[in-house]
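These notes concern the structure reproduced below.
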Amino acid sequence: KQWYQRRVAITAGMTKGTGSFGKRHNKSHTLCIRCGKSSYHIQKKRCSQCAYPAAKCRSFNWSVKGKRRKTTGTGRMKNLKIVHRRFRNGFQTGVAKPNKKVTSS
């Protein structure tokens, strides 16, 4: 009887650990083409990280760190860094500035 109780305890209570890890060979998520993370659910056809194919990127106010990771300035900023430089120079148009006349007094 003691042997039977041990066997029931092993089969009933230890099912989430080592034995279950051997059965993991199917991938539910693959790479997302928008955010690049392995968060695109193959069956749902939706990314859990950025909510692709939704038009707006997934972002919530309850996750301040998550917003910080994905905000402007964390990537290349291919266009915005050029705009920032042009802003500092006053959005020059390529036309030479007129000479300022010096008044002598």
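Some notes on this structure:
- Average accessible surface area per residue within the chain, 1.4 Å rolling probe, Å²: 100
- Candidate cross-link partners of LYS37 among the lysines, defined by an alpha-carbon separation under 18 Å and a same-chain spacing of 8 or more, comprise LYS27, LYS45, LYS56, LYS65, LYS67, LYS70.
- Note on the chain: dipole from Cβ charges, positive end direction compared against HIS29, ASN99, MET77; the farthest Cα belongs to ASN99.
- The chain: angle of helix 2-13 to the longest principal axis, Cα-based, in degrees nearest 10: 20
- Rough spin-label spacing in nm, given labels placed 7 Å along Cα→Cβ, for LYS23 and SER104: 9.7
- Cysteines in the chain lacking a second Cys C-beta under 4.7 Å: CYS57
- Of all accessible heavy-atom area on the chain, the percent that carbon and sulfur account for (1.4 Å): 54
- For the chain, a crude dipole built from +1 on the beta carbon of Lys and Arg and -1 on the beta carbon of Asp and Glu, taken about the Cα centre, is about 120 debye to the nearest 20.
- Coarse-grained scattering of the chain at q = 0.13, 0.18 Å⁻¹, given as base-10 log I(q)/I(0) from a Debye sum over alpha-carbon atoms: -0.81, -1.02
The values are calculated or read from the model by the stated rules, or taken from the named source; none is laboratory data. It should be emphasised that the depicted structure is a prediction, and the values quoted were computed from it without experimental measurement. Quick reminder, even Gly has a Cβ in these numbers, built from the backbone with ideal geometry, and neighbours come from all protein chains shown. What goes into the accessible areas is simple: the full protein's heavy atoms, side chains included, and nothing from ligands, DNA or RNA. Shrake-Rupley method; radii C 1.70, N 1.55, O 1.52, S 1.80 Å.
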